[in-house]
Amino acid sequence: IQQPQIAIQYLEKIKKSNRVSRTDYNNIISSFCRLGDVKNMEYFALEFGRSFAIGSYTYSSLLNGYAMVGDVKKAIETFEKMEEAGTILPSGSSERDRSYYDRAYTLIAKAAIVAGDFKC
C-alpha cells in the first residue's frame, strides 16, 4: 500500500469512530501538501470544512501545497478565502496578520516561479 493510502485508510477509520479532530485533519492535509498531492489535499480540506471552521494553519498548508505544484490561481484564491473567512485581517494591522501576509506573498511568488510565470 502506498503511503497516501495508509493515511486515507487511517482517517476513514477514525471518522467512523466519530473521534476525528482538527489536528487529525490538519496532519493529513499537511502530509498531502508535502507530497504535492493536491487532489487528496483538497479532498481532505473539503472534508475538514464540513466539520470544522478552516483556520490559518489549514489555509497555510493549502497555500504551500499550491505553491509546490505551481498553481498560482489556487494559491491566490486560497489567500482571498483566508481574508474572507476573517482568518487574517485585510489591513494586516497586527504583527500576526503581517506575518501571514508575508508568508502568503512568498508562497504565491513560489507558485509563480514553479509554474515558470515569474523569473528572478
Inset, instruction - Measure up LYS15/LYS110; LYS81/LYS110; LYS15/LYS74; LYS16/LYS110; LYS16/LYS39 against 30 Å on the Cα-Cα distance and list the ones that go over. - result: LYS15/LYS110; LYS16/LYS110
Inset, instruction - Please work out how much length the chain gains when fully extended from GLN9 to TYR43, using 0.36 nm per residue of separation minus the C-alpha to C-alpha distance, in nm with one decimal. - result: 10.9 nm
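Bear in mind that the values in this text are calculations on the coordinates, not laboratory data. These numbers were taken from a predicted model, which means no experiment stands behind them.
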